[in-house]
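J.: Would you mind keeping the following structure in view while I ask a few things?
Here, each number is a calculation from the coordinates, and none is a lab measurement. Small disclaimer: the values here were computed from a predicted structure and weren't measured. FYI the Cβ positions are ideal-geometry reconstructions off the backbone, even for glycines, and counts take in every protein chain you see.
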Amino acid sequence: MTLRYLIQKEFLQIRRNAFLPRLIVAFPVIIMCVMPWVMNMEVKNIRVDVVDNDRSVGSQRLVRSIETSHYFIFQGQKPDYRSALAAIERGQTDVVLVIPQNYSRAIACGQRPQVLIAANAVNGTKGSMGSAYLSQIVTAKAMPSAAALQSQAHTFLLYNKHQNYKLFMIPALFAIVMMLMTGFLPTLNIVGEKETGTIEQINVTPVPKWAFILAKLIPYWMIALFVITVCLLLAWLVYGITPAGPVWLVYVLAMLLALFFSSFGLIVSNYSNTMQQAIFVMWFFVVCLLLLSGLFTPVRSMPSWAYLTTYVNPMHYFIDAVRTVFVRGGTFAAVAHQVAALLAIGLVMAIWAVQSYKKNG
Amino acid sequence: MKQFISFVIKEARHILRDKRTMLILFGMPTAMMLIFGFAVSTDVRNVRTVVVTSQMDHLTQSAVERLAASEYFTITATAATPREAELMIRRQKADMAVVFGKDFASKRTGLQFIVDGADPNMAQQWTNYAQQVIANPQYSIVNLKMLYNPQMRSAYNFVPAIMGMLLMLICAMMTSISIVREKERGTMEVLLVSPVRPLMVIVAKAVPYLVLAFAILIVILLMARFVLNVPLVGSLFWIIVVSIIYILLALSLGLLISNVANTQLVALLLSAMVLLMPVVMLSGMMFPVESMPRVLQWVAAVVPPRYYIEAMRKLMIMGVGVGAITKEVAILSGMTVVLLIVALKKFNNRLE
Amino acid sequence: MNAIEVNGISKRYGKVQALRDVSFSVPAGEVFGLIGPDGAGKTSLYRILCTLLLPETGRAAVEGFDTVTQMTEIRKRVGYMPGKFSLYQDLTVEENLKFFATLFGTTVEAGYDSIKAIYSQIERFKDRRAGALSGGMKQKLALSCALVHSPSVLFLDEPTTGVDPVSRKEFWEMLLMLKERGITIVASTPYLDEVSCCERVAFLDQGEIRGIDTPGAILDRFADIFNPPGLDKAANSQSPLPGSQRDNVIEVEHLVKAFGSFHAVDDISFTVKKGEIFGFLGANGAGKTTAMHMLTGLSQPTSGTGRVAGFDIRTEYEQIKRHIGYMSQRFSLYEDLTVAENIRLFAGIYGMNDQTIAKKTDELLKRLKFTEHKNSLVASLPLGWKQKLAFSVSIFHEPGVVFLDEPTGGVDPSTRRQFWELIYDAARRGITVFVTTHYMDEAEYCDRISIMVDGKISALGTPDELKERYRQPDMDHVFTYLARQATRSSD
């Protein structure tokens, strides 16, 4: 079996490399230990400045309720709107609440005084969430009857009941680790052999194309297996997060993603002449796949043309499926179509990888 | 001087001849701008919503109509029981359900949201938005004003971040690789032994990348203005001045990397690990630095793009004067000077 | 005044002592040869003299300037061509030359005279990118770049490795012209005829100078290394089967390979018989490597037919690969695998099983007296050993034919001789050997040779036949005679 010797060679080369074995072990560990803390899009610590033009008992009560809220960091009062705006411009505060004159009196008379909430909306999420919370507090204080509707509304969360952002992000991190480990390393592989010239020696041997490519792919699948195990263990040990669905399904999904990325890496490698070129091309595709996958932002917020790309984006299928398994406790039936799609895309890529390797130029 | 010019021409040829890399260099900003500007957004939109109601009275009817009319929600189904709606969410056919209780019309109570909470952020925003839509806006005493970005488009937030990332990447990564390539191929030996001063070699190498970075900066600004309709409210002069400081900083980082690395592979990996990862993760580009643990905030404090992105957000989107960004500019300039001095001090006139 | 003064220079890299107490001096205007096997420390010495490395102990001065303290002065005055001189692959020939000319503060026009002899050969390709040139042509361009300015001291680290004999002669004629102008030249070379062109040579071995003297005296004193007894061809020759009765292993008719309008291989026909050692000679860029790529199934011919080991090179190239061995110009074993692992890999590819591989590996290593290095990384071996190993690996599966593309570039005569003993050994076992080389003494070892000029075969026969036909005393002269008729210079 020729394949066995070729695979052995690939493993030896990886092991001999001064850098790769360390990278393979350290990378998932670092990513898993640091990234969940970083990739936190939770909006916290919104800073509020208040301009109180009323200075009545009623307005003081409103200010105090903001002060005591855990959601906001109350920065204090500003004399007028202009100086509050200046604070926003200097980046010292995020939201400004302006209480109009005669606020208390108007409330007492049953009128509707207009309380101004001005939010820095450069970061739209932060601006909208901060102002929404603030307006809830204001409404509740000023018009208990109108607030009734909101306070009565009861939200029932189906999954992730503790609203743990890490639970949402960690499965997605698996995708990033897999992508970097099984995507970029194979990309460098064949170009590397081209640059040292050893590929010519292989090309004059009777090695079948598929065997050569498969021998390059298999080690990365092994690495993928190792990496995903490390990731699962760390998620459990460090964050106490375990998949709600079956673990084997996570493995199946991970291996299918590895099939795609390793094949894709080799394709890029086959078409490139230098490592720099290969890395740049790979990087370009990877960033696009990643951004359009729904890892960071919901895919449904995309315009329809961008949403269409998710049908051919394996990252999207993986992230969708792995979150379903991890967070929502989905079983095979729940992710069957994602598995099928990943398998199909992976196989097409693998065949392309074999096809694009030319022994006879 | 003649030597210097011929050096710059040579370097420009290297860049121009590598068509694929050129394509990526200009394709990358274009693609990123389009993706970030149009495709990637954290906006609440098209949330698949199931309405659960037992009787359609007037009040419920108008609430549902408001939901359907808003761009945030798409009513995909109506269900008779909450159980049924929950099943739909579990089957991933819907994201949230709005349950109007029996007493909704009479007592205005019994409103319930069933939400797929996998993404806590979005779950929270969905319920916020739904509440606002359902509550009759006429009741509101709050006058909301979204400063700088009234439509709350993510593009406003991302454009400065893309600039920070791409300029860093192109200047630092490309310069370091091109210097290391000469080491690897052996041409560096000849250059060093030539009568040309080594410092000139480096400066000449940096010039084309500076021009390239500048071209890319212009492309990004033009696209931001005319394709993404992001207003450039601030002073263009200061935008360019701050960008030049930042480009210089990136170039010195690239030079520093090229001193350490001996092969292109190492230079690539170093740039990717030392530059790319921190820039994407710790610069506040996607993830707010304030939400990170204290230790990571300290680390983020020394990531240069963070200040550049912050300054650009203020200059471009908020349109503040230079006075409001003195802190960022001072930090960036300081970092540039220090890095440049270290890089030049460390530059090897010999092979070891 | 001495142009170069070296006093007690030592240099080590980690555990390896590259140079140990080296001292010598070179008077201004001398052509000084630096010879020694691969890994002797020549490159380190060059780099120290060029101020690229700092010596650990000792002092060196070039043109009276100290290499440690007066770096800038030296760099203004010296020219250096590193052993692995790399051009800018993506610049054209002319752009490379212009760049280096400007770099040294001169112009191509001003320096044209000193590079004319060599540059004129590649001038017609001036718009081609350096990366697209053949190996020998790159070397010629590199030489032109190194010589375009006239420094007062010129350091040349194996400048002619891989260059054909005619161009080497022209190169040395140019060097002697430079000497006339008072330029001091320090050059290293593995070619004996070039060693003889030097006024004095130093023999460097394992970081130490073994002797400095005139070329004749050095070559005499170290005759076992530089002048090994020639191989006895008669004793090694084949069983006296008349040529016509043996089978043809390679048959080529009207083979053409065109790149656009350029015919790299232009209608060649020849046959090689079983067990023959066939020398495939030609100037740089005459089309040797291109032809070899077609025969080994690495590329498709444009027209013409060919059969190797009974298979058609056009359609059955994968079967051909089963029956041939190949050793490429660029060294072709995996440097990050050990000796045994390399053997195992290539044997495995050809379908041998583990027991056979283990047994044959031991036999091979014993025969090569290599057993102690079984588990050494290939990267750590000297060049000559790598070459022997690469050859042994390429015939490990007992192929019918083995193709060797300049297998002995850059090593000393005694190592080359050992390599040829391996070739004879293989031929005795019935393996046909198809070899290209720039060493004309090696050409004499072949049973038959062909000489390619401008993509065509201009001579074919046994060495004796050719010498007789062209009335030349040896192969060197035959080659020079034929190659000088070339109209297209190269590639």
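J.: Relative to the Cα centre, what is the charge dipole magnitude of the stretch A:71-215, using +1 at the beta carbon of each Lys and Arg, -1 at the beta carbon of each Asp and Glu, and rounding to the nearest 20 debye? Don't jump to the answer; show the numbers that get you there.
T.: Details: 11 positive and 6 negative charges, 155 e Å.
In debye, rounded to 20, the stretch A:71-215 gives about 740.
J.: Rounded to two decimals, what is Rg over Rh for the stretch C:348-395 when you use alpha-carbon atoms and the Kirkwood radius?
T.: Details: Rg = 11.1 Å, Rh = 11.5 Å.
Using Cα coordinates only, the ratio equals 0.97.
J.: Only helices at least 27 Å long along their own axis, judged from Cα atoms, and with Kyte-Doolittle mean hydropathy of 0.0 or greater: name those in chain A from DSSP H. Don't skip to the end; give the middle numbers.
T.: Working: long enough: A:209-239 (44 Å, 1.90); A:247-271 (36 Å, 1.93); A:332-356 (35 Å, 1.76).
Qualifying helices, which must be both long enough and hydrophobic enough, are A:209-239, A:247-271, A:332-356.
J.: Still on this model: Which shape class applies to chain A: rounded if a/c is under 1.5, otherwise prolate when a/b exceeds b/c and oblate if not, where a ≥ b ≥ c are the square roots of the Cα gyration tensor eigenvalues? Could the numbers behind the result be given before it?
T.: Values: a/c = 3.19, a/b = 2.64, b/c = 1.21.
It comes out prolate by the Cα gyration axes.
J.: Counting alpha carbon pairs within less than 8 Å and at least 6 residues apart, what relative contact order, in whole percent, applies to the stretch C:2-226? Walk me through the numbers before you get to the answer.
T.: Working: 439 pairs, mean separation 61.5, N = 225.
Over the stretch C:2-226, the number comes to 27 percent.
J.: Let me ask something else. If you plug each phi of the stretch C:108-113 into the Karplus form 6.51 cos²θ - 1.76 cosθ + 1.60 with θ = phi - 60°, what whole-Hz ³J(HN,Hα) values come out, in order, with x for Gly and Pro?
T.: Taking θ as phi minus 60°, the curve returns 4, 4, 5, x, 4, 4 Hz for the stretch C:108-113.
J.: Between C:A3 and residues 5 or more places away or on another chain, which pairs have amide H atoms under 5 Å apart, with H built 1.01 Å from N, and which residues are they?
T.: Amide H neighbours of C:A3: C:V26, C:A28.
J.: Take the Cα atoms of chain B, build their convex hull, and give its volume per residue in Å³. Mind dumping the intermediate values first?
T.: Numbers: hull volume 61.9 nm³, N = 352.
Normalising the Cα hull of chain B by residue number yields 176 Å³.
J.: If you fit an axis through the alpha-carbon atoms of helix C:383-394 and take the longest principal axis of the Cα set of chain C, what angle between them do you get, 0 to 90°, nearest 10?
T.: Relative to chain C, helix C:383-394 is tipped by roughly 10 degrees.
J.: A:C33 versus B:T76, label points 7 Å from Cα toward the beta carbon: distance in nm?
T.: 4.1
J.: What value does the protein assembly as shown have for Rg/Rh, both radii from Cα atoms and Rh as Kirkwood defines it?
T.: Numbers: Rg = 37.0 Å, Rh = 34.7 Å.
Using Cα coordinates only, the ratio equals 1.07.
J.: What percent does the relative contact order of the stretch A:20-86 come to when contacts are Cα pairs within less than 8 Å and at least six residues apart? Could the numbers behind the result be given before it?
T.: Working: 45 pairs, mean separation 24.2, N = 67.
RCO, the stretch A:20-86: 36 percent.
J.: Viscosity 1.567 mPa s, temperature 4 °C: give me the Stokes-Einstein translational D for the stretch A:46-152 in µm²/s, with Rh taken as the Kirkwood radius over C-alpha pairs. Let's see the in-between values first.
T.: Details: Rh = 14.0 Å.
Estimated diffusion coefficient is 93 µm²/s.
J.: Report, to two decimal places, the Cα Rg of the stretch B:47-139 normalised by 2.2 N^0.38 Å (N = number of residues).
T.: Rounded to two decimals, the normalised Rg is 1.00.
J.: Here's something else I'd like to know. With each label point set 7 Å from Cα along the Cα-Cβ vector, what nm distance links B:E65 and A:F285?
T.: 5.2
J.: Moving on. Provide, as a two-decimal number, the C-alpha radius of gyration of the stretch C:1-98 over 2.2 N^0.38 Å, N being how many residues it has. Let's see the in-between values first.
T.: Values: Rg = 15.0 Å, N = 98, 2.2 N^0.38 = 12.6 Å.
In units of the 2.2 N^0.38 Å rule of thumb, it is 1.19.
J.: To continue, here is another question. Under unit Cβ charges (Lys, Arg +1; Asp, Glu -1), what dipole magnitude, rounded to 20 debye, does the stretch A:46-152 have relative to its Cα centre?
T.: 140
J.: For the stretch C:309-360, rounded, prolate or oblate, judged on the Cα gyration tensor with a ≥ b ≥ c (square roots of eigenvalues), a/c < 1.5 rounded, else prolate if a/b > b/c?
T.: oblate
J.: Still on this structure, please answer the following. Counting pairs of Cα atoms in chain C, how many percent are more than 43 Å apart? Present the calculation step by step, with values, prior to reporting the outcome.
T.: Numbers: 20687 of 120295 pairs.
Percent of Cα pairs beyond 43 Å in chain C: 17.
J.: Between A:V238 and A:V348, what length in nm is gained on full extension when 0.36 nm per residue of separation is reduced by their alpha carbon distance? Before the final figure, lay out each step's value.
T.: Working: separation 110, 0.36 × 110 = 39.60 nm, distance 3.72 nm.
Extending this stretch completely gives an extra 35.9 nm.
J.: Let me ask you something else. Could you tell me how far the Cα centroid of the stretch C:40-90 sits from the Cα centroid of the stretch C:416-443, in Å?
T.: 38
J.: Here's something else I'd like to know. Read phi for every residue in the stretch C:158-169 and hand back ³J(HN,Hα) as whole Hz from Karplus 6.51 cos²θ - 1.76 cosθ + 1.60, θ = phi - 60°, with x for Gly and Pro.
T.: After applying 6.51 cos²θ - 1.76 cosθ + 1.60, I find 6, x, 10, 4, x, 9, 6, x, 5, 5, 4, 4 Hz.
J.: For Cα pairs less than 8 Å apart in space and 6+ apart in sequence, what is the mean separation divided by the residue count of the stretch A:4-117, i.e. the relative contact order in percent? Mind dumping the intermediate values first?
T.: Numbers: 123 pairs, mean separation 30.1, N = 114.
Here the relative contact order equals 26 percent.
J.: State the Cα centre-to-centre distance between the stretch A:315-361 and the stretch C:154-189 in whole Å.
T.: That distance is 60 Å.
J.: So, one more: Charges on Cβ only, +1 for Lys and Arg, -1 for Asp and Glu, centred on the Cα centroid of the protein assembly as shown; of A:G197, C:T92, A:Q111, which one is farthest towards the dipole's positive end?
T.: The Cα lying farthest towards the positive end belongs to A:Q111.
J.: Using only Cα atoms and rounding to the nearest 10 degrees, what angle (0 to 90) does helix B:19-34 make with the longest principal axis of chain B?
T.: Orientation of helix B:19-34: about 30 degrees from the principal axis.
J.: Could you check what % of the DSSP bridge pairs in chain C are antiparallel, to the nearest 5?
T.: Working: 43 of 76 bridges.
Taking every DSSP beta bridge within chain C, about 55 percent pair in antiparallel fashion.
J.: When the Karplus curve 6.51 cos²θ - 1.76 cosθ + 1.60 is applied with θ = phi - 60°, which whole-Hz ³J(HN,Hα) does each residue of the stretch B:177-186 get, with x for Gly and Pro?
T.: For the stretch B:177-186, the Karplus-derived couplings read 5, 5, 6, 5, 4, 5, 4, 5, 7, x Hz, x marking Gly and Pro.
J.: Okay, moving on. What is the dipole size for chain A, taken about its Cα centre, with +1 at each Lys and Arg Cβ and -1 at each Asp and Glu Cβ, in debye to the nearest 20?
T.: Numbers: 27 positive and 13 negative charges, 53 e Å.
Computed charge dipole of chain A: roughly 260 debye.
J.: The stretch A:32-102 to the stretch B:229-258: how many Å between their Cα centroids?
T.: When both Cα centres are located, 32 Å separates them.
J.: Using only Cα atoms, tell me the angle between helix C:339-349 and the longest principal axis of chain C; keep it within 0 to 90° and round to the nearest 10.
T.: 30
J.: Then there's this: Return the ratio Rg/(2.2 N^0.38 Å) for the stretch C:2-226, where Rg is computed over Cα atoms only. The partial results should precede the final answer.
T.: On the way: Rg = 17.1 Å, N = 225, 2.2 N^0.38 = 17.2 Å.
For the stretch C:2-226, the normalised Cα radius of gyration is 0.99.
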